[in-house]
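Notes for the one structure printed next.
What follows is calculated from the coordinates using simple rules that are stated; it is not laboratory data. Please read all numbers here as calculations on a predicted model, not as lab measurements. Note: ideal-geometry Cβ built from the backbone for every residue, glycine included; neighbour counts use all protein chains shown.
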Amino acid sequence: MHVLVVKTSSMGDVLHTLPALTDAATYLSNLTFDWVVEENFAQIPSWHFAVQRVIPVAIRRWRKSWFAAPTRQERQQFIQTLQQEKYDAIIDAQGLIKSAFLITRKAYGIKHGFDRKSIKEPIASWFYDIKHSVPKELHAIERVRMLFAKSLHYTQPNTTGDYAIARHFLAHLPEDNPPYLVFLHATTRADKHWTESAWRELISLMAPTGLTIKLPWGAPHEYERALRLAKGFPHVEVLPKLSLSEVATIIAGSQVVVSVDTGLSHLAAALDRPNITLFGQTDPKLIGGYGKNQYSIISPDKNMQTITAAQVYTKLHPLLA
């Protein structure tokens, strides 16, 4: 059976789809997936053993110059690639009008998706041949697992979902890998940031452990923040600019991760690393860390500034044993 997955973004949402692939591949023989995903996240599906082909799409970039000749040519090439196969099933796990209209409806095969009461944008369900009811109160991962089970006709397992990508990275870690921590300090929304003073206080509290703390970053302003956090602390390493796969390798080798609510926090969960995520306004019930050794510190007044370094250290220290 050859199945097309439409789940384009964001990083967390793409990672949240992986356990559904593991379920399906475990219960159905001779099953392979192709996956349409935004070009920035195209590495992620390739880490899963059941994915045969990754088809990058660039809707985010195309929107900046939708009618320009190079963009039109890219879109045409994407559609040609998409239509090279006729799939036994197409599962639109994105549930948005743009993905349903621009991708799912153009692919060849029976199209599955959430019904209008289960989906974020009900109009998107018009483009599906078979619509499935999935409760909205479930965690995002469980919703996608249920959608896949209903679309491919198997019984959803009642065990915790398995992302099945940790093995991809653990097999290549050096044997003499010294213990270290990763602090994921960067996120897109201002109300999800933890204060720099709190990060530095936590870094100071960790100094007696002798453990190195590694700080990844993506954008230039995140690099500047990392430099400020590391200033004066010899046990802190600001990493160079890394690809997503390289960041995943760093996280996979870490002893513990501390993170704000960001896509890389979900990557830490997918890699089965012990991870403490700090939440302010976000409710982690539906989209929080899912998997092994995932811990949350939730601000009772939904304000990241009221989470203290002492709180995080108290949660973190036992995980170092």
Give me the three principal axis extents of the chain from the C-alpha atoms, as integers in angstrom, largest value leading.
59, 48, 44
Which residue, chosen from THR26, LEU82, LEU4, occupies the Cα position most advanced towards the positive end of the dipole of region 1-94, where the dipole is computed from +1 (Lys, Arg) and -1 (Asp, Glu) charges on Cβ about the Cα centre?
LEU82
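If you take every DSSP beta bridge whose two residues both sit in region 1-71, what share of them, in percent to the nearest 5, is antiparallel?
Values: 0 of 11 bridges.
Expressed as a percentage, antiparallel bridges in region 1-71 total about 0.
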Toy charge model, Lys and Arg Cβ at +1, Asp and Glu Cβ at -1: region 1-142 dipole around Cα centroid in debye, rounded to 20, equals 640
Gyration tensor on Cα atoms of region 174-250, a ≥ b ≥ c root eigenvalues, a/c under 1.5 rounded, else prolate if a/b beats b/c, else oblate, says oblate
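Given contacts defined as C-alpha pairs under 8 Å and at least six residues apart, what's the relative contact order of region 220-321, whole-number percent? Working shown, then result.
Numbers: 121 pairs, mean separation 20.0, N = 102.
Relative CO of region 220-321 lands at 20 percent.
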Give me the number: length gained by fully extending SER65 to SER46, i.e. 0.36 nm times residue separation minus the C-alpha to C-alpha distance, one decimal in nm.
4.0 nm
Per-residue ³J(HN,Hα) for region 21-34, Karplus 6.51 cos²θ - 1.76 cosθ + 1.60, θ = phi - 60°, Hz, x for Gly and Pro:
5, 5, 3, 4, 5, 6, 9, 10, 7, 6, 9, 10, 10, 9
Would you please give the residues with an amide H less than 5 Å from that of VAL57, counting only those at least 5 places away or on a separate chain, with H modeled from the backbone geometry?
VAL37, GLU38, GLU39
Taking a ≥ b ≥ c as the square roots of the eigenvalues of the Cα gyration tensor of region 157-285, is the shape rounded (a/c under 1.5), prolate (a/b larger than b/c) or oblate?
oblate
What is the distance in Å between the Cα centres of region 232-277 and region 26-101?
27
Using amide H atoms built 1.01 Å from N in the peptide plane, name the residues 5+ places from SER296, or on other chains, whose amide H lies under 5 Å from its own.
THR277
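Given LYS64/LYS106; LYS231/LYS292; LYS214/LYS292; LYS7/LYS150, which pairs have Cα atoms separated by over 24 Å? Can you show the working numbers first?
Working: LYS64/LYS106 22 Å; LYS231/LYS292 33 Å; LYS214/LYS292 22 Å; LYS7/LYS150 17 Å.
Where the Cα-Cα span goes over 24 Å, the pairs concerned are LYS231/LYS292.
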HN-Hα J in Hz across region 43-53 - Karplus 6.51, -1.76, 1.60, θ = phi - 60°, x for Gly and Pro:
5, 4, x, 5, 7, 8, 5, 8, 8, 8, 9
Hey, in the GNM for the chain with a 10 angstrom Cα cutoff, which one of VAL14, VAL57, VAL144 fluctuates hardest?
VAL57
Highest-fluctuation residue, GLY210, GLY289, GLY113 considered, GNM on the chain with Cα pairs under 10 Å
GLY210
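Label region 1-110 by shape, choosing from rounded, prolate and oblate, from the square roots a ≥ b ≥ c of the eigenvalues of the Cα gyration tensor; if a/c is under 1.5 it is rounded, and otherwise prolate applies when a/b is larger than b/c, oblate when it is not.
prolate
Helix-derived [θ] at 222 nm for the chain: sum -39500 (n - 2.57) over DSSP H runs of at least 4, divide by residue count, nearest 500?
On the way: 13 runs with 114 residues, N = 321.
Result for the chain, helices only: -10000 deg cm²/dmol.
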Amide H to amide H, which residues 5 or more places from THR187 or on other chains are under 5 Å from it, using H placed in the peptide plane?
none
Could you check which residue among SER299, SER29, SER197 shows the biggest mean-square fluctuation in a GNM of the chain with a 10 Å Cα cutoff?
SER29
Where a Cα-Cα gap under 23 Å defines reach, which lysines qualify for LYS302, not counting those fewer than 8 residues away within the same chain?
LYS136, LYS192, LYS285, LYS315
Quick one: Karplus J couplings for region 3-14, per residue in order, coefficients 6.51, -1.76, 1.60, θ = phi - 60°, nearest Hz, x for Gly and Pro?
10, 9, 9, 10, 8, 8, 6, 8, 4, x, 5, 5
